[in-house]
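To keep things clear, I will list the structure first and then write my remarks on it.
The values are calculated or read from the model by the stated rules, or taken from the named source; none is laboratory data. These figures come from a predicted structure and were not determined experimentally. Using ideal geometry, Cβ is built from the backbone for each residue, glycine included, and neighbour counts are taken over all protein chains shown.
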Amino acid sequence: MTGTGGAGTEAVDGTEAEAVDGTEAEAEAEAAAVAAPAVDEAPDNGADEAQGSPGEVTDADMGEPGPELHMAVVASVAVDLPAAHPVVVVRELEPPGRQLSFPVAPADGAALAHALRRVPTARPLTHDLFVDVLTSFDIDLVAVRLVGRQGGTYFAEVDLQGPRQRTVLSCRPSDALGLALRASVPVPILVDVRLFEGGGDLLPGT
């Protein structure tokens, strides 16, 4: 009887212990489940909606649209006497075909005139050399752009695509046009349309 009672006592004690422990664990889990959504999940969801996923482009990240650019060509390079400096005339390809003119240094005007008329030279000029350097390093001249004007001084940039990255460099209009005219393949010449519309200042990037 004693052995049986001992066995019965162990069985009853074990069952009661499991029942009590299980009930407490379930109660704690239910309390945590009820409390968690109100405290933890709601703030996280709000933060995700406000910030967006890592690496995701949102409306706040989008920049303002750039200026309107029109294709153009170098129409002429000439000296209008009695002026001392050559004048470069850039003409809009699209109607109404407006023109933009600006003076350049005599040496720059001569280089542009050689390039425009395809006049051969005994040795490579500066722009010929620069184009050869770009070619040797597998760098493409994507486009040249006239992008600004301040006090009669014009601003330009060259758009370059290399094996590893794309780069835009600021430069003088005469250099940009010289490279475009000397390139072995046609290079777009782009002009901010606002430069055709008036003679006021227009800072690059505005």
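Considering each residue of the stretch 102-125 in turn, none proves to be within 27 Å of the chain's Cα centre (by Cα), in the same structural domain as Val74 (by TED's automatic domain parsing) and under 23 Å from Ser76 (Cβ atoms). Residues that are hydrophobic (A, V, I, L, M, F, W, C) and not in a helix (DSSP H, G or I) were ranked within the stretch 99-134; the one that is surrounded by the most Cβ atoms within 10 Å (Cβ to Cβ) is Val104. Residues in the stretch 177-194 that are crowded, with 17+ Cβ neighbours inside 10 Å and out of contact with any Lys or Arg (no Cβ under 6 Å at 6 or more places or on another chain): Leu177, Gly178, Leu179, Ala180, Leu181, Arg182, Ala183, Val187, Ile189, Val191, Asp192. Within the stretch 152-175, not a single residue is over 26 Å from Pro65 (Cα atoms), at pLDDT 95 or above and among the aliphatic types (A, V, I, L, M).
Of all residue pairs spaced 6 or more apart or on separate chains, those with beta-carbon atoms under 9 Å, a first member in the stretch 113-131 that is at positive phi and a second member that is of a type in the set (A, V, I, L, M) and crowded, with 17+ Cβ neighbours inside 10 Å are Arg118/Leu181. Tell me which of these Val77 doesn't satisfy, since it passes every other one: (1) assigned to a strand (DSSP E or B); (2) of a type in the set (A, V, I, L, M); (3) in contact (Cβ under 8 Å) with a residue 60 or more places away in the chain. Going through the list (1) assigned to a strand (DSSP E or B); (2) of a type in the set (A, V, I, L, M); (3) in contact (Cβ under 8 Å) with a residue 60 or more places away in the chain, Val77 breaks only (3). Scanning the stretch 141-176 for residues that are closer than 16 Å to Leu190 by Cα and without any contact (Cβ under 8 Å) to a residue 24 or more places away in the chain, which turns out surrounded by the most Cβ atoms within 10 Å (Cβ to Cβ)? Within the stretch 141-176, the match that is surrounded by the most Cβ atoms within 10 Å (Cβ to Cβ) is Ala156.
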